[in-house]
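The values are calculated or read from the model by the stated rules, or taken from the named source; none is laboratory data. What you see is a predicted model, and the numbers here were worked out from it, not measured in a lab. Don't worry about glycine lacking a Cβ; one is built from the backbone with ideal geometry, like all the others, and counts go over all protein chains shown. We work out accessible area using only protein heavy atoms, side chains counted, and drop any ligands, DNA or RNA first. Shrake-Rupley method; radii C 1.70, N 1.55, O 1.52, S 1.80 Å.
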Amino acid sequence: MRICWFSTGVSSFIACCLSHDIDKIIYTHIDSQHPDSLRFLHDCEKLLGREIEILQSDKYKTVDDVIEARGCVNTIHGAPCTLELKKRVRQEWECENGVGHTYVWGYDASKRQRAARIVETMPESNHEFPLIKRGLTKQDCHGICERLDLRRPAMYDLGYPNNNCIGCVKGGMGYWNRIRRDFPEVFARRAAQERKFNGSCINGVFLDELDPERGNMETEIFEECGIACYIAMSEKEEP
């Protein structure tokens with residue numbers, strides 16, 4: 001089968017638009033995402049003229065569920081929420097539907113190295129990167145959505161570069177200071193979890209000690225979780 005992995009991000013939507021003979025478009029939902037993500041998904045369905053299949057973990061619904069159950073916020077191998085809420089859900093789907101499919105990913109032209117890592121870590125499947133093939137950037141994708149009169153997810157309008165979960169444990173100082181401002185209850189909850197499990201989102205800095213003036217979200221390297229997290233940890237890196 002030819003599968004588009006949709007992330008409720010603008011880049012993955014454009015990748016779906018550019019791909020032909022697709023058998024399924026699949027989105028893995030996490031309740032920690034902004035609720036406007038599902039509005040965007042349904043708007044995309046209307047433009048694409050087809051249903052997007054929604055998967056979700058049977059065991060965990062939110063990032064908080066995973067943190068509390070696993071007793072940690074992040075690890076040197078990767079975020080437990082990535083493993084439980086994204087990777088395991090994909091693996092379960094593959095157990096039921098087999099491997100060897102063609103996967104279409106929404107990596108833009110600046111993510112060639114990430115695309116190469118997908119090919120390396122998932123050799124059992126074929127992979128296509130329509131945005132990279134056409135040299136399209138994320139800015140190009142935003143422009144196309146605007147021309148299609150497609151209202152982008154709310155997190156972009158709040159200034160976030162990606163439509164990730166609110167309070168993503170992989171964010172940097174600038175990201176977390178923006179979360180402190182926009183979603184103070186999420187910031188406070190994650191800060192408390194860091195202390196409870198003695199581990200921080202930001203290497204070497206606990207959130208409750210983070211200087212509100214530190215960081216620059218515009219320069220931080222921060223991937224779009226809905227796409228990148230499917231291959232964030234290789235099989236050898238799993239804890």
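Kindly provide the set of residues from the range 99-120 that are open to solvent by less than 40 Å² (accessible area, probe 1.4 Å) and either in contact (Cβ under 8 Å) with a residue 60 or more places away in the chain or not in a helix (DSSP H, G or I) (or both), ordered by number.
Restricting attention to the range 99-120, the residues satisfying the condition of being open to solvent by less than 40 Å² (accessible area, probe 1.4 Å) are 101-109, 115, 118.
Across the range 99-120, the qualifying residues are His101, Thr102, Tyr103, Val104, Trp105, Gly106, Tyr107, Asp108, Ala109, Ile118.
Among what's in the range 137-156 and is part of a loop (DSSP other than H, G, I, E, B) and open to solvent by 10 Å² or more (accessible area, probe 1.4 Å), pick the residue that is nearest to Thr28 (Cα to Cα). Here the residue is Arg152.
Per the listing Ile54, Ile22, Ile67, the residue uniquely crowded, with 18+ Cβ neighbours inside 10 Å and aliphatic (A, V, I, L, M) is Ile67.
Annotation: of all residues in the range 177-196 being in contact (Cβ under 8 Å) with a residue 12 or more places away in the chain and among the basic types (Lys, Arg), the one that is surrounded by the fewest Cβ atoms within 10 Å (Cβ to Cβ) is Arg195.
When Tyr27 is tested against (1) open to solvent by less than 40 Å² (accessible area, probe 1.4 Å); (2) over 23 Å from Thr121 (Cα atoms); (3) not in a helix (DSSP H, G or I), exactly one condition is not met: (2).
Which residue out of Gly174, Gly167, Gly199, Gly159 is open to solvent by less than 60 Å² (accessible area, probe 1.4 Å), assigned to a helix (DSSP H, G or I) and either at pLDDT below 95 or among the small types (Gly, Ala, Ser) (or both)?
Working: Gly167 fails: assigned to a helix (DSSP H, G or I); Gly199 fails: assigned to a helix (DSSP H, G or I); Gly159 fails: assigned to a helix (DSSP H, G or I).
On inspection, the qualifying residue turns out to be Gly174.
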